[in-house]
Amino acid sequence: MRALILSTVALATLAVAAPALADDAKPLAGKSITVLLPSPQAPNIAADFEKDTGIHVDLQTLSWDDIRPKLVTALIAGTAPADVTEFDWSWTGQFAAADWYLPLNDVIDKDTVADIGVAKIFTVNGNLLGVPYTNDFRVMLVNKKHFADAGITKMPTTLDELVADAKQIKAKGITQYPIGLPLSPTEGASTSWYLLTKAEGGDLFDKDWKPLFLTPDSAGYKAMALELQLLKDGLVDPASTGLKDSQINDNYFAKGLVSIMISGEPGRLGQFNDPKQSQVAGQVAAILVPTASGQTRSYGLPEALGVPRVSQNQDAAIAFVKWFTSKHFQIENYANGVLPTRTSALDELNKAGKLASGDVLVAQSKTVEPLFEQGTPTWYPQFSSAVNTAINAVAKGQITVDQAMKNIADATQKAMTQ
Amino acid sequence: MKPSLAYRLTIWIGVVLLLVWSLGPVYWTVASAVTPSADFSIRPIHFFPQNFTLDHFERLLGINVDRIGGVEVWKQFRGALFNSIVTALAATILCVAMSALGGYAFTRLDFPGRRVLFIAVVATLAIPGYAVLIPLYRLMIGAHMVDTYLGVTLIYISAFLPLSLWLMRSVFESLPVSLEEAAQIDGAGRLYIFFRIVLPLVGPGLTAAAILTFLGAWGQYLVPLIFSPTVTKPLTVLIPEFATKNFIDYGLITAAGSIAIVIPALVVIFLNRYLVTGLLAGSVK
Amino acid sequence: MTAVAFQGTDARRRAAGNGDALLGVLMVAPIVVTMVALVFFPLAQTVWDSLHRINPMEPGTPFIGAANYTNMLSDAQLGQSWVNTFIYVAIAVSVETIVGVLGAALINQVRRGRQWLLAAVVLPWALPGVVNAVIWMWIYQPGAGLLNGILTVFGLPFENHVWFNDRTSALIAVSVVHIWRMLPLTIVVVLAAMQSIPGHLYEAARIDGASRPQMFFAITLPLVRGAIAVAMTNATVAAFNLFDEAWVLAGASLDTRPVLTQIYLETFQNLHFSYGMALSLVVTIVSLLVSLVFVWRVYHTTRFE
């Protein structure tokens, strides 16, 4: 009798344990998570992830500008907007100070962190708050054919050469407004100005957060003056005061109406050289950012995946983050315009010849610095808004460059003390 | 009094202006939606599309799945449409019922706090959504009503009640009391008077309130963006997601806009008949 | 006999009066419950929160009294946005009221096809605000937009004109879109009131030899005064809350930025929540005050029943 009971118990235990053993390969199978990413994303993400891990994904995509208000409203109310969310470099200061995201130091292995250079931008006070998945840094995108038609054989390496080339392209009647530069009060205008400041050989702030752009001989001042001059010389379309960077990319550059994107995104090379998505396929290349000194510089604006502290499915969420940022997936996702953050992935793509303008990108990526050495400040959004509002007003002739720089400094001061 | 020629001419010119002003932009949007993108920059401008294409609509309704983030477009579209209809209808019926009852009470019945209460409710018209958004969100989370039909319908009701109430009260006020007094003398109770005598006379007011509430709820964007993020997402939130702000393709936007125009247009045309009949029934000679 | 009848009626009236109060309370109960739970309570919380510092980036929520409010006085961007908002209110309310009343009068005169005319007129208001803004963005577009296209056809030099580069034209452009959307509301509200005017009043005036304009000013206008007040108040509040149009057409650009955009930026961009709440309260109070001025002037002879 006892034997019977014992064996029944043993069998029962095995019966319970067996499925668990079988699922060892997919420990989290059956769980369900929500993921919030900016649109557009690849069509098969949810399906592929479920196939690999058994975790069901409800993938929500929103336009990038709508994500932040959604995150903020949910997080301030103490709920998770999703189990995995988009986490932009410019939010690190604010979100870290608000302590909304789960530090991932313990769950992301050291090799991954070493492989992803820009992870340091998302490490605040030693906490890794997000794993970067798209490696946006700035490089200059040009239409080679326009340059060739204008008789220019050497790509510009200094700012003066760039302006001269643009004037030549305009003079030959190839494009009416050769330079694409957003001047609307949007993030793209700010980031273009940051790039030009770097190109003029300077930075935005010193290590004590004192503004470095106030005097007429400072890099930031010169960058703003340069933008105004380009507009006045007819090299930049006056309608740019109402255009975002993405609009100039898609509606002007991709249609051959603009020859030079000053603050170019390397991830778009695939799109620009795809005949289905662009009218200038085969004509677009990346060149190193021309600078005043001739020595190229650039900075990074990566985006990461983060897991909010209040998420109820942290394990499954972390699994998604790892999968999405794995070398294998990054190489696959490159076809959708997402530039890998892993150096290993970039190298592999370049060796296989699949990385458009690969050598330039790899070279440029080595010169990429974070925009703020000390980390993104908590008042960054306010600062950026002051910058692009000022650029917009200068472009419309409503204030002088002097006044603009002063406005930016004042707003920064106010932001820092509030 | 036979209308003079000058008078009739003025009226006709006025009508034409009003029509062009109201419908012109709508026509232009629909016309652009069926014009190939290449033709957009043709100068001089053509008011009628020279070439006809359904490409924008095809793209919008999901033939090119890759572009739109890989989710089944038609299913999402159908779901959002259903959500919009359900929440707008529910909010309308409840809001109009509440304002009819309340409007009558504020006009004819004397109860403590009548005046203060009315002013307080109508004054909330002035409160912008942002002023209560975050506390309201916390409240809804606590009541587990986020992303539910009930939750968002209640918010719509609270948003449109003030105007609806004020409208109904004005309508009740303009009814002569004599009708009701006569019925009272005959021994009729208040509720009987309300349902059998007063209510039928305020048809136009009820319809106007219903139209205002329905269309207002239909067109809401910010509230459902926050309170109806997924399951109960309405059309107004879905459509901008399609034509992503990163890629302002005017063909796609005008196509999405055209679709968004169809439903309110249908509603206005059909509800309008009731509005006009109601108005004509009590109309001026 | 009459005395008895009167007494009976009075007694019944008194009894009915008490029942009235209870019935009245019951009939308005749903309204009260909804508004208290969803508006008054959150509003009270907003007021309370505006006296503290609520900023998710900083620990704790200390009481800071009126600091949020005094900070407003030194906020230059805020000042500019107030100016813009008042300009919008002035333009929108005056145009909507005048054209709205005239439009309602016009439609009132039309017999055949009135339902179609009404349908056409109401359509702009029926569309979601986001859609409106996009429609007009397309019309104002410098290269391919309808506005520049039409003006060029007439030989005027507006090829590729960027309407938002000049502050005045930008403000007017945004106002036009707002008016396009809100005008039908005034028309519907005023028209409904015009329809309730008893016909015999006009008959009597006609017999007395009054002309149409005279009848309009002497009979129609005074009797729709209440509706005009409703419409103007709504127009004012809507103009104070102008957001979608300015945001879609011009984004955060300072020369067209209304107060609500400023609140949005302070709350969701800078995460200064309590400051944003304080601002929304101020906007509420200001728009209420301005509307009250209208209501007072239009209503000053009507007493609350």
Of the numbered conditions (1) touching a Phe, Trp or Tyr at 6+ places or on another chain (Cβ under 7 Å); (2) facing another protein chain (nearest Cβ under 7 Å); (3) among the β-branched types (V, I, T), C:V131 fails exactly one; give the number of that condition.
(1)
Within the range A:78-106, which residues are part of a loop (DSSP other than H, G, I, E, B) and open to solvent by less than 20 Å² (accessible area, probe 1.4 Å)?
A:A82, A:D83, A:L104
Taking the stated definitions as given, is A:T53 open to solvent by 10 Å² or more (accessible area, probe 1.4 Å), at pLDDT 85 or above and touching a Lys or Arg at 6+ places or on another chain (Cβ under 7 Å)?
yes
Quick one: B:T148 ticks every box in (1) touching a Ser or Thr at 6+ places or on another chain (Cβ under 7 Å); (2) within 22 Å of B:I211 (Cβ to Cβ) bar one, so which box is it?
(2)
Would you check which residues across the range A:355-381 are among the hydroxyl-bearing types (S, T, Y) and at negative phi and list them?
A:S365, A:T367, A:T376, A:T378, A:Y380
Can B:V121 be described as in a helix (DSSP H, G or I) and touching a Pro at 6+ places or on another chain (Cβ under 9 Å)?
yes
Inside the range B:178-193, can you point out the residues that are open to solvent by less than 40 Å² (accessible area, probe 1.4 Å) and either in contact with an Asp or Glu (Cβ under 9 Å, 6 or more places away or on another chain) or in contact (Cβ under 8 Å) with a residue 24 or more places away in the chain (or both)?
B:E180, B:A188, B:I193
If we keep only residues of the range B:84-111 that are open to solvent by 30 Å² or more (accessible area, probe 1.4 Å) and facing chain C (nearest Cβ under 7 Å), then the residue nearest to C:Y275 (Cα to Cα) is B:L101
Would you mention how many residues in the range C:56-114 are away from chain A (no Cβ under 14 Å), of a type in the set (A, V, I, L, M, F, W, C) and surrounded by 15 or more Cβ atoms within 10 Å (Cβ to Cβ)?
16
From the list C:L191, C:L147, pick out the single residue that is closer than 22 Å to C:A238 by Cβ, modelled with pLDDT of 85 or more, more than 7 Å from chain B (Cβ to nearest Cβ) and touching a helix residue (DSSP H, G or I) at 6+ places or on another chain (Cβ under 8 Å).
C:L191
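For (1) closer than 27 Å to A:A82 by Cβ; (2) open to solvent by less than 20 Å² (accessible area, probe 1.4 Å), each residue gets a yes or a no:
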residue: B:A120; (1), (2): no, no
residue: B:L133; (1), (2): yes, yes
residue: B:T148; (1), (2): yes, no
residue: B:S164; (1), (2): no, yes
Residues within the range A:218-274 that are among the hydroxyl-bearing types (S, T, Y), within 12 Å of another protein chain (Cβ to nearest Cβ) and under 20 Å from A:Y194 (Cα atoms), tallied
3
So, first residue within 7 Å of chain C (Cβ to nearest Cβ) and free of Cβ contacts under 8 Å to residues at least 12 places away in the same chain in the range B:112-141, second residue open to solvent by 30 Å² or more (accessible area, probe 1.4 Å) and not in a helix (DSSP H, G or I), Cβ within less than 8 Å, six or more apart or across chains; the pairs are B:R115/C:F304; B:P128/C:N241
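Conditions tested, residue by residue: (1) of a type in the set (G, A, S); (2) in contact with a Ser or Thr (Cβ under 9 Å, 6 or more places away or on another chain).
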position: A:P302; (1), (2): no, yes
position: A:L305; (1), (2): no, yes
position: A:R309; (1), (2): no, no
position: A:A316; (1), (2): yes, yes
position: A:V321; (1), (2): no, no
position: A:F324; (1), (2): no, no
position: A:Y334; (1), (2): no, no
position: A:V338; (1), (2): no, yes
position: A:G353; (1), (2): yes, no
I need the helices (runs of 4 or more DSSP H) fully contained in the range C:169-244, keeping only those with at least 1 residues that are over 25 Å from C:I285 (Cα atoms).
C:199-207, C:212-215
Matching helices (runs of 4 or more DSSP H) fully within the range A:180-296 where at least 1 residues are within 30 Å of A:K354 (Cβ to Cβ) and in contact (Cβ under 8 Å) with a residue 40 or more places away in the chain:
A:187-199, A:269-272
Return the total of residues in the range C:42-63 being without any contact (Cβ under 8 Å) to a residue 60 or more places away in the chain, touching a Leu at 6+ places or on another chain (Cβ under 8 Å) and over 16 Å from C:I263 (Cβ atoms).
1
So which of A:A395, A:A409, A:A345 ends up being surrounded by fewer than 20 Cβ atoms within 10 Å (Cβ to Cβ) and of a type in the set (A, V, I, L, M, F, W, C)?
A:A409
Checking the structure you have, find out if any residue of the range A:160-167 is at pLDDT below 90, open to solvent by less than 10 Å² (accessible area, probe 1.4 Å) and on the phi < 0 side of the Ramachandran plot.
no
Can you tell me which residues in the range C:251-273 are β-branched (V, I, T) and modelled with pLDDT of 85 or more?
C:T256, C:V259, C:T261, C:I263
Can you confirm whether the range C:175-197 contains a residue that is within 25 Å of the chain's Cα centre (by Cα), hydroxyl-bearing (S, T, Y) and closer than 26 Å to C:V130 by Cβ?
yes
Given the criterion more than 9 Å from chain B (Cβ to nearest Cβ) and part of a helix (DSSP H, G or I), identify the matching residue among C:L249, C:L279.
C:L249
Take the range C:28-50 and flag every residue that is of a type in the set (A, V, I, L, M, F, W, C), more than 23 Å from the chain's Cα centre (by Cα) and surrounded by 18 or more Cβ atoms within 10 Å (Cβ to Cβ).
C:V28
Restricting to the range C:129-168, and then to whatever is aromatic (F, W, Y) and not in a helix (DSSP H, G or I), can you tell me which residue is surrounded by the fewest Cβ atoms within 10 Å (Cβ to Cβ)?
C:F154
What's the number of the only condition in (1) at pLDDT 80 or above; (2) away from chain B (no Cβ under 14 Å) that C:A3 fails to meet?
(1)
Within the range B:234-259, restricting attention to residues that are in a helix (DSSP H, G or I) and at pLDDT below 65, which residue is farthest from the other protein chains (Cβ to nearest Cβ)?
B:F242
If I go through the range C:262-271 residue by residue, how many of them are in contact with a Ser or Thr (Cβ under 9 Å, 6 or more places away or on another chain) and within 10 Å of chain A (Cβ to nearest Cβ)?
6
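One line per residue, one yes/no per condition, for (1) without any contact (Cβ under 8 Å) to a residue 12 or more places away in the chain; (2) within 19 Å of B:G24 (Cα to Cα); (3) open to solvent by less than 10 Å² (accessible area, probe 1.4 Å):
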{"site": "C:S175", "(1), (2), (3)": "no, yes, yes"}
{"site": "C:H178", "(1), (2), (3)": "no, yes, yes"}
{"site": "C:V190", "(1), (2), (3)": "no, no, yes"}
{"site": "C:L201", "(1), (2), (3)": "no, no, no"}
{"site": "C:D208", "(1), (2), (3)": "yes, no, no"}
{"site": "C:M215", "(1), (2), (3)": "no, no, no"}
{"site": "C:P222", "(1), (2), (3)": "yes, no, no"}
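The values are calculated or read from the model by the stated rules, or taken from the named source; none is laboratory data. Keep in mind it's a predicted model, so treat the numbers as computed, not measured. Glycine also receives a Cβ, built like all others from the backbone with ideal geometry; neighbour counts cover every protein chain displayed. All accessible areas refer to the heavy atoms of the entire protein, side chains included, with ligands and DNA or RNA removed. Shrake-Rupley method; radii C 1.70, N 1.55, O 1.52, S 1.80 Å.
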